[in-house]
Each structure stands twice: as structure tokens, then as C-alpha cells.
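Read through the structure below, which is laid out as C-alpha cells, and then see the notes.
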Amino acid sequence: MSLDGKVALVTGGSRGIGAAVALRLAADGADVALTYRDNADAAAEVAEQVKAAGRRALVIRADSADAADCVRAVEETVAEFGRLDVLVNNAGVGVVAPIGEIALEDVDRVLAVNVRGPFLAAKAAASHLGEGGRLITIGSCVSDRVPGPGMSLYALSKTAMVGLTKALARELGGNGVTVNLVQPGPTDTDMNPADGPYAADQRALTALGRYGTAGEVAATVAFLAGDDSRYVTGTAVSVDGGHAA
Ligand code: NDP
């Protein structure tokens, strides 16, 4: 399989897109470490499914808002598996509200989890990623198109990943490492359920007229993690049903 012998770390791998990514990378042959913050049972269930696929699994409680935790997750992965080939920065949070109603605590939390966390995890991972290494971040379709009001903080945080991706592609390319961004559109998860109060509006904004699944996002992450994507770097791949079209 394409990821045989590789080791992946997925942040926020207990639920939603991160869980689907963890399972897909395991199905493609990788051993997988995954972090979570609150849902230990869900994380353990994903790890059991990774093992059922015949791969090794490691569950790490690490809050992406905590700088030391971001570094520790990378170090524990390398200590357990002896290497790191793929980092998927997936953990993220959203606050949707008019800018005047966004509290300072929200600004700090969203930027800590969505921006500082991926930066620090990438920093910690950079020295471990060798030839064929992969750094993949889950951004958002709002970096291409903000569909309406209330998105200032979330769009700020996700658009920052465009710059991080391009800059790190330049910095790590010489080591044979590719760095890419996956930008999901409306995807059916706990964060954005397809039967939620804003689902109909989001569905209507896509060209395909439907929500995506976490597995559909994971399929693109798997492509970027594998060898077939070796000449793809510094770019964003939208998995958004045409939200940006
Ligand atoms: P969910 O809320 O369904 O799942 C979030 C996951 O991240 C959980 O595993 C959660 O762990 C973990 N997590 C949240 N905060 C932290 C933290 N501080 N530290 C460590 N882990 C954390 O989200 P989605 O799967 O929908 O989203 C995944 C990514 O995709 C996010 O970056 C999001 O912004 C992005 N995205 C999602 C879209 C969508 O429509 N769903 C659209 C565009 C982008 P725990 O189980 O412990 O809470």
C-alpha cells in the first residue's frame, strides 16, 4: 500500500474529518498517532479501528491551544514509532458572530488552536520530516470565498494557513518535504452537521448542492500524503463541492 512503513500524526483525530483522515491513512498503510482534547472514548475508538486495519495506533491527549502540548504530541509520536513522515494539522475550532460580539477570549482561543497550534506542530515536526515527508493542514473554503457575515475571526485564522503553507513549502522543499493545504467546504461533522440550522444555506452555496463527507476530505489528504502527489507543494486543494466556483 502507498503508505506502508510511514508514520502519520493527525491532530484532532478523535472525531469528524480528523478521525476520517486517521482511518484512511491507516487503510493506506500508515501507523497513526492522533490527538484529542476532550473525547478520550472517541479517540480510543478510532485507535481501535486503526489497529483493526493492521496498523499501530497511539492516542495522545494534547490541547492544540497549549504550546507545550503541540510539541509534546510530535515528540511522543517519534518516541513511540521512531519516525514521523506525515503531519496532518486538522484540529480546529470555529466562532461565528458579528465582529462586535466576539470576545477577546474567543480571539485568543481560535488563533491559538487554528494558527499557533499548526505553526508549533509544524516547527516541531520539521526536523523529523525527511525525503518524502508531508505536511498537510486542514484550512477552509472561507479562504477562497466568505459566504456571509460573522466569519471574520474564523476566516482570519484559516487564511493564515495559506501563507504558512506557501512559506513552509519554500523552506522545506529542499529536504524533499511537500507542504499543502486542504480546504473543505461544508462537511457533515459535529462542527457543521448536515441537518444543522445553517445547513440549507451552505448546501445552496455549493455547485453540487450537497454537503461533503469527512471521508471525501480524507481521500484528498491521502493523495497528498502519498507518493503520487510528490510534485504538488505550496498549494491549496479545495474539497468544497464547488463552494468557490
Ligand atoms: P469537529 O468539531 O467535528 O472535530 C474536531 C476535532 O478536533 C475533534 O477530534 C476534537 O477533539 C479536536 N479538537 C478540537 N479542539 C481541539 C484542541 N484544542 N486540541 C486538540 N484537539 C482539538 O470538527 P471538523 O471535523 O468539522 O473539523 C476539522 C477541521 O476541518 C477543522 O480545522 C475545521 O476548521 C475544518 N473545517 C471543517 C469544515 C466543516 O464543514 N466541518 C469546513 C471547513 C473546514 P475532541 O473530540 O477531544 O473534542
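The values are calculated or read from the model by the stated rules, or taken from the named source; none is laboratory data. These figures come from a predicted structure and were not determined experimentally. Glycine gets a Cβ as well: all are built from the backbone with ideal geometry, and neighbour counts include every protein chain shown. These accessible areas exclude ligands, DNA and RNA; they are computed on the full protein's heavy atoms, side chains included. Shrake-Rupley method; radii C 1.70, N 1.55, O 1.52, S 1.80 Å.
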Q | Single unsatisfied condition, GLY133 versus (1) over 24 Å from ARG37 (Cβ atoms); (2) open to solvent by less than 20 Å² (accessible area, probe 1.4 Å); (3) of a type outside the set (A, V, I, L, M, F, W, C); (4) within 12 Å of the ligand (Cβ to nearest atom) | A | (4)
Q: Please give the number of the condition ALA91 fails out of (1) open to solvent by less than 40 Å² (accessible area, probe 1.4 Å); (2) more than 16 Å from the ligand (Cβ to nearest atom).
A: (2)
**Q.** Some residue of segment 228-240 being part of a helix (DSSP H, G or I) and within 29 Å of SER2 (Cβ to Cβ)
**A.** yes
Q) Quick one: in segment 94-121, which of the residues that are of a type in the set (Val, Ile, Thr) and more than 12 Å from the ligand (Cβ to nearest atom) is surrounded by the fewest Cβ atoms within 10 Å (Cβ to Cβ)? A) ILE99
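Yes/no matrix, rows are residues, columns are (1) away from the ligand (no atom under 16 Å from the Cβ); (2) free of Cβ contacts under 8 Å to residues at least 60 places away in the same chain:
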site	(1), (2)
LEU156	no, yes
ALA169	yes, no
VAL177	yes, yes
MET191	no, no
ALA204	no, yes
GLY209	no, yes
GLY215	no, no
ALA218	no, no
ASP227	yes, no
Q: Assess whether VAL162 counts as being hydrophobic (A, V, I, L, M, F, W, C) and surrounded by 20 or more Cβ atoms within 10 Å (Cβ to Cβ).
A: no
Q. Can VAL146 be described as more than 12 Å from the ligand (Cβ to nearest atom), modelled with pLDDT of 95 or more and in a strand (DSSP E or B)?
A. no
Q. Which pairs do you get when a residue that is small (Gly, Ala, Ser), found in segment 78-94, comes within reach of a residue that is modelled with pLDDT of 95 or more and surrounded by 24 or more Cβ atoms within 10 Å (Cβ to Cβ), reach meaning Cβ atoms under 6 angstrom, with the pair 6+ apart or on two chains?
A. ALA91/THR11; ALA91/GLY12; ALA91/SER64; GLY92/ASN114
Q: Could you list all residues from segment 136-159 that are open to solvent by 20 Å² or more (accessible area, probe 1.4 Å) and either of a type in the set (A, V, I, L, M, F, W, C) or within 18 Å of GLY18 (Cβ to Cβ) (or both)?
A: VAL146, MET151, TYR154, LEU156
(Q) Residues that are charged (D, E, K, R): list the strands (runs of 3 or more DSSP E) wholly contained in segment 1-90 that include at least 1 such residues. (A) 31-36, 57-61
Q. Any idea which of (1) within 21 Å of VAL93 (Cα to Cα); (2) more than 14 Å from the chain's Cα centre (by Cα); (3) buried (at least 20 other Cβ atoms within 10 Å of the Cβ); (4) of a type in the set (S, T, N, Q) is the one THR233 doesn't satisfy?
A. (1)
Q | Matching entry among ALA57, ALA53 (being open to solvent by less than 30 Å² (accessible area, probe 1.4 Å), more than 14 Å from the ligand (Cβ to nearest atom) and out of contact with any Pro (no Cβ under 7 Å at 6 or more places or on another chain)) | A | ALA57
(Q) Could you check segment 1-50 and list, in sequence order, the residues that are hydrophobic (A, V, I, L, M, F, W, C), closer than 17 Å to ASP85 by Cβ and near the ligand (Cβ under 10 Å from one of its atoms)? (A) VAL10, VAL21, ALA22, LEU34
Q) Tally time: how many residues in segment 28-50 are in contact with a Leu (Cβ under 9 Å, 6 or more places away or on another chain) and open to solvent by 40 Å² or more (accessible area, probe 1.4 Å)? A) 1
Q: Scan segment 168-204 for residues that are surrounded by 19 or more Cβ atoms within 10 Å (Cβ to Cβ) and over 18 Å from ALA20 (Cβ atoms) and jot them down.
A: LEU168, ALA169, LEU172, VAL177, THR178, VAL179, GLN202
